[in-house]
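Colleague: Sending over a structure as structure tokens; questions will come in a sec.
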Amino acid sequence: MSSSVPVLKRALVSGVVLAAAIAVVGSVIGYLVAGTPGVISAIAGAGIAMVFLGITSLSIIIATRYEMVVFFAIVMGAWLLKFVIFLVLIFVLRDQPLINTQVLFLSLVVAVLGTLVVDVVVIAKSRMPYVSDVSLPGEQSEGPEGR
């Protein structure tokens, strides 16, 4: 039986690279648009997106060790945690003098769309079977009767 952990680790590493690129490019654009608050906002947006990507990947990596009900509980709990963190961050950051809300918003949008693209590319390039525990005709069965 193959594992999705290597695929998730590749997605996480690719997400880190993407977040770093967004932080650099966003900082340059943010500086040109809004000065220092633009730089801070772009870095904050890329950092927030990276934390959320990390929470998703780590929750799935941890959840794969458990049965299906616990798996979905962990993944849904991580989703709810991200939602609460997002709301808290938005309410805290919106009134900060060193935050440009437009740059923060755009860097978050670019990071979210970028991580979706990264996830699709990583998963599309992975060689994961769509189903597990299935023996095709002519293959040796790995079940109890095939041992």
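Colleague: Pick from region 1-35 the residues that are surrounded by fewer than 19 Cβ atoms within 10 Å (Cβ to Cβ) and of a type in the set (S, T, N, Q): which of them is farthest from Arg65 (Cα to Cα)?
Modeller: Ser14
Colleague: Which one is modelled with the highest pLDDT, of the residues in region 1-20 that are hydroxyl-bearing (Ser, Thr, Tyr) and under 13 Å from Asp119 (Cβ atoms)?
Modeller: In this case the residue turns out to be Ser14.
Colleague: Can you run down the residue pairs with Cβ atoms below 6 Å, 6 or more apart or on separate chains, where the first is in region 67-78 and in a helix (DSSP H, G or I) and the partner is among the small types (Gly, Ala, Ser)?
Modeller: Partner pairs satisfying both residue conditions: Phe71/Ala63; Ile74/Ser59; Ile74/Ala63; Val75/Ser59; Val75/Ala63; Ala78/Ser59.
Colleague: Among (1) in contact (Cβ under 8 Å) with a residue 12 or more places away in the chain; (2) surrounded by 14 or more Cβ atoms within 10 Å (Cβ to Cβ), where does Gln96 come up short?
Modeller: Failing condition for Gln96: (1).
The values are calculated or read from the model by the stated rules, or taken from the named source; none is laboratory data. This one's a predicted model, so the numbers in the text were calculated from it and none came from an experiment. So basically every Cβ, Gly included, is an ideal-geometry build from the backbone, and we count neighbours across all protein chains shown.
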